[in-house]
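J.: Quick one: the structure is below, and I'll ask about it shortly.
Each value in this text was obtained by applying a stated rule to the coordinates, not by laboratory testing. Model, not experiment: these values are computed from the prediction. FYI the Cβ positions are ideal-geometry reconstructions off the backbone, even for glycines, and counts take in every protein chain you see.
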Amino acid sequence: MSVLLIILSYLLGSVSFGYLFAKTLKGVDIRKIGSGNAGATNISRLMGFKYAIIVLILDAFKGLLAILISSYLATETWVILLCGLAVIIGHNWPIFLAFKGGRGAATTLGVFLGLAPVPTLVVFGLFIAIILISRYVSLGTIVAALLIPLTMYFLRYPLNYFIFGLSVCFILLWRHYPNIKRLLQGKESKLGDKVKIP
């Protein structure tokens, strides 16, 4: 049962709503334009904020759903945490799209809403504030990623939660390494920038 739950969480994460929206409504592969990622930020550049918010909610929901299902069916905390990790990995490296997906921020949000809702909402509020001030979604995500394990530590969550938080932080920073380089170079795209369909 534990292995099956982890596999199902990965497959759930592999459902790319950004790809489906762009392909169905615009006839393009979202991974071939803009930043090349199948997430809400790139959708905003192609299709506008309305669709970006829808994709963000759906991507977050699949993370939350993986935690809710595993929490209901599993008794061991480590299984629930591995399901959370699996759904994030599925979003980043989806089996249905040749392992090229998004960067996992929205799905991570959903996972932590299921695991630790109150501190997650606080971190999400800071994430939004940073975006509103700087217009850099990537900067908000990077700061939020760093706050995840710190939150687990200072609020005295169990050690396995802290290790899980560190693992997710590493994945987010790794996936956002190109963004970090562009931020340092002053070349990062801001929220609201548009892309043209090739």
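J.: Between helix 159-175 and the chain, what is the angle of the helix's C-alpha long axis to the longest principal axis, kept within 0 to 90° and rounded to the nearest 10?
T.: Its long axis makes an angle of about 20 degrees.
J.: Work out how much length Leu146 to Arg182 would gain on full extension: take 0.36 nm times their residue separation and subtract the Cα-Cα distance, in nm to one decimal.
T.: Length difference between fully extended and current span is 11.1 nm.
J.: For region 57-160, what number results from the quotient of the Cα radius of gyration and 2.2 N^0.38 Å?
T.: It is 1.08.
J.: Oh, and also: Semi-axes of the equivalent ellipsoid of region 2-185: what are they in whole Å, largest first, if each equals the square root of 5 times a C-alpha gyration tensor eigenvalue?
T.: Equivalent ellipsoid semi-axes, largest first: 25, 20, 13 Å.
J.: What FRET efficiency comes out for the pair Leu11/Trp78, r = Cβ-Cβ distance, R0 = 22 Å, nearest 0.05?
T.: Computed FRET efficiency for Leu11 and Trp78: 0.65.
J.: Hey, if you put +1 on the Cβ of every Lys and Arg and -1 on every Asp and Glu Cβ in the chain, which of Leu183, Tyr10, Ala86 ends up farthest toward the positive end of that dipole?
T.: After comparing all options, I get Leu183.
J.: In degrees from 0 to 90, rounded to the nearest 10, what is the angle of the helix 77-92 Cα long axis to the longest principal axis of the chain?
T.: Taking Cα atoms only, the helix is inclined about 10 degrees.
J.: Taking the Cα of Ala98, stepping 7 Å toward and past its beta carbon, and measuring to each backbone N in region 1-33: which are under 14 Å?
T.: Within reach of a label on Ala98, which here means backbone N under 14 Å from a point 7 Å along Cα→Cβ, region 1-33 contributes 29-33.
J.: Same structure again: How high is the relative contact order of region 2-185, given as a whole-number percent (alpha carbon pairs under 8 Å, six or more residues apart)?
T.: Averaging sequence separation for qualifying contacts and normalising by length gives 21 percent for region 2-185.
J.: If you rank Arg175, Arg182, Arg103 by fewest surrounding Cβ atoms within 10 Å, what's the result?
T.: Arg182, Arg175, Arg103
J.: Run the dipole for the chain about the Cα centre, Lys and Arg Cβ at +1, Asp and Glu Cβ at -1, nothing else charged, and hand back the magnitude in debye, nearest 20.
T.: Using only the charged Cβ atoms, the result is roughly 840 debye.
J.: Please give the per residue volume of the convex hull enclosing the alpha carbon atoms of region 134-182, rounded to a whole number of Å³.
T.: 60 Å³
J.: In a shell of Cβ-Cβ distance under 12 Å around Leu139, excluding Leu139 itself, what net charge do Lys and Arg (+1) and Asp and Glu (-1) give?
T.: Spelling it out: positives minus negatives among the neighbours equals +2.
J.: If each residue's Cβ is checked for other Cβ atoms within 10 Å, how do Leu65, Leu139 rank with the fewest at the top?
T.: Leu65, Leu139
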